[in-house]
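A short write-up of the structure that comes next.
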Amino acid sequence: MIETRGLRKSFRSRAGRETKTVEAVRGVDLDVPAGEIFGFLGPNGAGKTTTLRMLATLIEPDGGQATIAGADLLKDPGEVRRRIGYVAQGGSTWDESTGREELVLQARMYGIRKTEAQRRAARALEAFQLVEFADRKCKTYSGGQRRRVEIALGIIHEPKIVFLDEPTTGLDPQSRAHMWDEIRRLRADGMTVFITTHYLDEADALCDRIAIMDHGEVVAEGTPADLKREISGDVVQVGLDVTATGEAEKLLDGEEYVNRLELLDEGGLRLFVDEGATAIPRILRRVDAAGLDLRSIELHRPSLDDVFLTKTGRSLRES
Amino acid sequence: MKLARDTWLIFQRQLHLLLRNPVWVFVGVFQPVMYLLLFAPLLKPALGAATQAEAYKIFVPGLLVLLAIFGGLFQGFGLIAELRAGVIERSRVTPVSRLALLLGRSLRDVVSLMTQAVIITLLALLFDLRVFIGDLLLAYLMLALIALMTSAVSYGVALKVKSEDALAPLMNTVAQPVLLLSGILLPLAFAPGWLQGVAKWNPFSWAVDGTRALFNGDIGDDRVWQGLSIIAVLAAAGVYWAARQFARSVR
Ligand SMILES: Nc1ncnc2c1ncn2[C@@H]1O[C@H](COP(=O)(O)OP(=O)(O)OP(=O)(O)O)[C@@H](O)[C@H]1O
Ligand SMILES: [Mg+2]
């Protein structure tokens, strides 16, 4: 559905006398199949928005090429526009218009006739739970209501692909959960959804596949589960009395499923295993058979942050 | 066809938003009336006109051209607000015609200017101004072209500078000499020769002369077709240039 090769963009910015070149995006290759929620995860300034704006025909790439929904980005941007929807990071509604007016106008800008545009606006208002506010000016909306209008604007013409730049930033947990449901519904309707986010949990829970971006480059790509598996496997933490720890270490160190083992200061062990789910029963059996007193057992799965950390040497939480 | 449809769409939207703002409607009507009632009475003695009607024949065309210039030149501010709100970017990802994004807005400005012009003309009729309808319509065409040009240029500049802080001084710098050198408020007939020479290079001076000729009933006067042609060419150039700004990436 989306295929990019070597997409590049740099900006020249002037600071006083000096002109500095910022390489915002340096060679991005992506393959996004139809019907999936694809996530772009990365810290501030990674180049997510710049990539999206190139794909949405808003800025011209310095180099590289892309095919979007079958249309060539460079040769036929007009056709790309007809096939995609785009919701900007910074908002796109006019204070003095109502949500309904914005939706009707948007549909009509895509060449849809007036009555059909009105019908679609009414349907979108319902789908995004906006009926109550439909005829109020946008400036009276809450942040979450406004964001919902903007998403609705992006899909009013039923595009094949919609780009959502940080759709949930600034939403409260409940609105966020709602938004996730809306986005899943778009996928269920057969749309390809391309979102950007810097929330780890969002990338993890919502996206079928993600690309992790840092300093203008994709540093990792895959399903969240694959990416995490690639990293390290799971960690099983076994809580034991300090006195029992030594014996348990001897017991488990030789087990073939344990890759590595660490002692915990407060008593107990940390075991690095490939697959936590199968390792836990075996650990339990060994500990139990030796008559050791088990205080707790916890399974830690590596997070996307661990993935980011291994790929870039920095934590996404800190950056 | 698509251009006409898209232009109509943008025009409707812009006009709708304008009419929804009662402050604007009030100012738009109130301002020209004030000019007419408070400034015009000074004219008869100042211009040495024989009658009040005579003074209006000189002053009203100048006032209308003035309104057309200023009505257009400051429209860019609204566009910068739209730019900031993301409305322009949102329009630019749709297949809507880029020329329509400009024309829809500029035509709204032309229509609001024409409304002002009609109000002023009607009021001036009460004060014994007399002008043939054909001449008047041609004068209105001149005004529409002026407003089209100045608003298009203002939008184009707004898209280039992207900030009110830059747009305001820029437009003022342009407007001031244009105003002083056009003989809008007082005819340049009173000006010394060198000033008249400089004014020859000011297209608005030609526009004012042409409009005055029309109000005077001299439709055959060379200044009429000269003024109209100059302004028409400039309006076309302004629209072309500004539409290209809409097509280029902004923000
Ligand atoms: N118009 C511009 N002019 C100059 N530099 C720019 C411009 N747009 C983006 N940049 C720079 O390009 C880099 C990438 O910016 P971009 O907006 O793509 O990041 P992002 O991943 O979307 O970040 P965020 O999570 O904060 O939205 C940044 O260093 C930014 O300062
Ligand atoms: Mg961004």
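The values are calculated or read from the model by the stated rules, or taken from the named source; none is laboratory data. All values reported here derive from a predicted model rather than from experimental measurement. Don't worry about glycine lacking a Cβ; one is built from the backbone with ideal geometry, like all the others, and counts go over all protein chains shown.
Among the conditions (1) within 16 Å of ligand 1 (Cβ to nearest atom); (2) over 19 Å from A:Leu206 (Cα atoms); (3) touching a residue at least 24 places away in the same chain (Cβ under 8 Å), A:Thr67 misses just one, which is (1). Taking (1) under 24 Å from A:Ile183 (Cβ atoms); (2) buried (at least 16 other Cβ atoms within 10 Å of the Cβ) in turn, A:Pro33 satisfies each apart from (2).
Out of the residues in region A:48-73 meeting the condition of being within 14 Å of chain B (Cβ to nearest Cβ) and away from ligand 2 (no atom under 16 Å from the Cβ), tell me which one is surrounded by the fewest Cβ atoms within 10 Å (Cβ to Cβ). Top of the filtered list is A:Glu60. When region A:120-153 is filtered for residues that are within 16 Å of ligand 2 (Cβ to nearest atom) and in contact with a Lys or Arg (Cβ under 9 Å, 6 or more places away or on another chain), only A:Glu150 remains.
Rundown of residues vs (1) away from ligand 1 (no atom under 16 Å from the Cβ); (2) buried (at least 22 other Cβ atoms within 10 Å of the Cβ); (3) over 30 Å from A:Lys228 (Cα atoms); (4) within 14 Å of chain B (Cβ to nearest Cβ), yes/no style:
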position	(1), (2), (3), (4)
A:Gly111	yes, no, yes, yes
A:Glu132	yes, no, yes, no
A:Tyr141	yes, no, yes, yes
A:Arg147	no, yes, yes, yes
A:Ala152	yes, yes, yes, yes
A:Ile155	yes, yes, yes, yes
A:Ala205	yes, no, no, no
A:Asp208	yes, no, no, no
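Of the helices (runs of 4 or more DSSP H) lying entirely inside region B:1-60, those containing at least 1 residues that are within 14 Å of chain A (Cβ to nearest Cβ) span B:2-20, B:22-34. Each residue in region A:186-211 was checked for being more than 8 Å from the chain's Cα centre (by Cα), away from ligand 2 (no atom under 16 Å from the Cβ) and under 13 Å from A:Leu164 (Cβ atoms), and 5 pass.
Every residue in region B:84-103 that is within 11 Å of another protein chain (Cβ to nearest Cβ) and in a helix (DSSP H, G or I), please.
Keep residues of region B:84-103 that are within 11 Å of another protein chain (Cβ to nearest Cβ), which gives B:84-98, B:100-101.
Within region B:84-103, B:Arg84, B:Ala85, B:Val87, B:Ile88, B:Glu89, B:Arg90, B:Ser91, B:Arg92, B:Arg98, B:Ala100, B:Leu101 meet the criteria.
Take A:Arg8 and tell me if it is within 16 Å of ligand 1 (Cβ to nearest atom), basic (Lys, Arg), out of contact with any Phe, Trp or Tyr (no Cβ under 9 Å at 6 or more places or on another chain) and away from chain B (no Cβ under 14 Å). Spelling it out, A:Arg8 is indeed within 16 Å of ligand 1 (Cβ to nearest atom), basic (Lys, Arg), out of contact with any Phe, Trp or Tyr (no Cβ under 9 Å at 6 or more places or on another chain) and away from chain B (no Cβ under 14 Å).
Within region A:210-227, the set of residues being surrounded by fewer than 20 Cβ atoms within 10 Å (Cβ to Cβ) and in contact (Cβ under 8 Å) with a residue 12 or more places away in the chain comprises A:His215, A:Glu217, A:Val219, A:Glu221, A:Gly222, A:Thr223. In region A:266-285, the condition of being buried (at least 18 other Cβ atoms within 10 Å of the Cβ), part of a loop (DSSP other than H, G, I, E, B) and at pLDDT 75 or above is met by at least one residue.
Please work out if A:Arg176 is in the same structural domain as A:Arg53 (by TED's automatic domain parsing), away from ligand 2 (no atom under 16 Å from the Cβ) and modelled with pLDDT under 90. If you could, list the steps in order and put the result at the bottom.
Details: in the same structural domain as A:Arg53 (by TED's automatic domain parsing): yes; away from ligand 2 (no atom under 16 Å from the Cβ): yes; modelled with pLDDT under 90: yes.
Answer is yes for this residue.
Enumerate the helices (runs of 4 or more DSSP H) found wholly within region B:132-251, keeping only those where 3 or more residues are free of Cβ contacts under 8 Å to residues at least 24 places away in the same chain and more than 14 Å from chain A (Cβ to nearest Cβ). Break it down stepwise before answering.
Numbers: elements: B:133-161, B:164-180, B:193-199, B:203-215, B:222-247.
In region B:132-251, the matching helices (runs of 4 or more DSSP H) lie at B:133-161, B:164-180, B:193-199, B:222-247.
Of the residues making up region A:75-92, those that are under 27 Å from the mean Cα position of the chain (by Cα) and within 7 Å of chain B (Cβ to nearest Cβ) are A:Arg81, A:Arg82, A:Tyr86, A:Ala88, A:Gly90, A:Gly91, A:Ser92. Within region B:94-134, the residues that satisfy the criterion of being among the hydrophobic types (A, V, I, L, M, F, W, C) and at pLDDT below 90 are B:Ile119, B:Ile120, B:Leu122, B:Leu123, B:Ala124, B:Leu125, B:Leu126, B:Phe127, B:Leu129, B:Val131, B:Phe132, B:Ile133. Taken over region A:27-64, the criterion of being more than 11 Å from ligand 1 (Cβ to nearest atom) and touching a Phe, Trp or Tyr at 6+ places or on another chain (Cβ under 7 Å) is satisfied by A:Val32, A:Phe38, A:Leu55, A:Ala56.
Quick check: anything in region A:18-34 outside any loop (DSSP other than H, G, I, E, B), under 25 Å from B:Arg90 (Cβ atoms) and away from ligand 2 (no atom under 16 Å from the Cβ)? The answer is yes, given that some residue of region A:18-34 is outside any loop (DSSP other than H, G, I, E, B), under 25 Å from B:Arg90 (Cβ atoms) and away from ligand 2 (no atom under 16 Å from the Cβ).
For A:Gly45, the conditions (1) within 16 Å of ligand 2 (Cβ to nearest atom); (2) surrounded by fewer than 17 Cβ atoms within 10 Å (Cβ to Cβ); (3) in a strand (DSSP E or B) are fulfilled apart from (3).
Let's see how each residue does on (1) crowded, with 20+ Cβ neighbours inside 10 Å; (2) not polar (S, T, N, Q):
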| position | (1), (2) |
| --- | --- |
| B:Leu136 | no, yes |
| B:Ala139 | yes, yes |
| B:Leu143 | yes, yes |
| B:Ala168 | no, yes |
| B:Thr173 | no, no |
| B:Pro177 | no, yes |
| B:Gly193 | no, yes |
| B:Gly197 | no, yes |
| B:Asn202 | no, no |
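Each residue in region B:57-95 was checked for being of a type in the set (Asp, Glu) and buried (at least 24 other Cβ atoms within 10 Å of the Cβ), and 0 pass.
Listed by first and then second residue, the pairs linking a residue in region A:164-176 that is closer than 12 Å to A:Tyr199 by Cα to a residue that is assigned to a loop (DSSP other than H, G, I, E, B) and within 12 Å of ligand 2 (Cβ to nearest atom), with Cβ atoms under 7 Å apart and 6 or more places separating them unless they lie on different chains, are A:Glu166/A:Gln89.
Scanning region B:13-44 for residues that are of a type outside the set (A, V, I, L, M), within 22 Å of B:Ile119 (Cα to Cα) and surrounded by 12 or more Cβ atoms within 10 Å (Cβ to Cβ) yields B:Gln14, B:His16, B:Arg20, B:Asn21, B:Trp24, B:Gly28, B:Gln31, B:Pro32, B:Tyr35, B:Phe39, B:Pro41, B:Lys44.
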